[in-house]
Amino acid sequence: MIYFVLYLFIETVISVSIASQIGPIWTFVEIIATATYGIWLLKNIHIQLFTTMQALANGEITQEEFEQMNLSMVLGAVLLIIPGFFTDILGILLQFGVFSKFLAKKIFKLKAKEEEDDVIDVEVIER
């Protein structure tokens, strides 16, 4: 809950700041343009999937990199559809490799940590 409130605060501050600088018409144009781009990315995700599948099959990327690239593209596209400057900035950054790799590493570390918690270590003593 605290992260959602923090997100709302950051989104509001950034959106009001930028919107006051560029005006209402350009703000509206930006919202429509980024949402359209996000929808276009989601509609054409098969192109990205095909490209990354070929790279995976050729051994150019690992399975983890394959997941990172596709996850970041989908998440970035969804963030572009959501109105607001902060989410649009994050959505655009996720389309680039450096930021998406950073985010994917964080997600995969959390996933690995959750999987480790399910392991029960036992010792068998025979008599």
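The values are calculated or read from the model by the stated rules, or taken from the named source; none is laboratory data. All values reported here derive from a predicted model rather than from experimental measurement. Ideal geometry is used to build each Cβ from the backbone, glycine not excepted, and the neighbour counts take in all protein chains shown.
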Is it the case that the stretch 61-70 has a residue that's farther than 12 Å from residue 91 by Cα, surrounded by fewer than 15 Cβ atoms within 10 Å (Cβ to Cβ) and either over 17 Å from the mean Cα position of the chain (by Cα) or polar (S, T, N, Q) (or both)?
-> yes
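Yes/no matrix, rows are residues, columns are (1) modelled with pLDDT of 95 or more; (2) under 18 Å from residue 94 (Cβ atoms); (3) surrounded by 12 or more Cβ atoms within 10 Å (Cβ to Cβ); (4) not β-branched (Val, Ile, Thr):
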position: 1; (1), (2), (3), (4): no, no, no, yes
position: 4; (1), (2), (3), (4): no, no, no, yes
position: 11; (1), (2), (3), (4): no, yes, yes, yes
position: 19; (1), (2), (3), (4): no, no, yes, yes
position: 24; (1), (2), (3), (4): no, no, no, yes
position: 47; (1), (2), (3), (4): no, yes, no, no
By residue number, the members of the stretch 37-72 that are assigned to a helix (DSSP H, G or I), touching a Leu at 6+ places or on another chain (Cβ under 9 Å) and more than 24 Å from residue 27 (Cα to Cα) are 48, 63, 65, 66, 68, 70, 71, 72
Return yes when residue 32 is surrounded by fewer than 17 Cβ atoms within 10 Å (Cβ to Cβ) and modelled with pLDDT of 95 or more and no when it is not.
-> yes
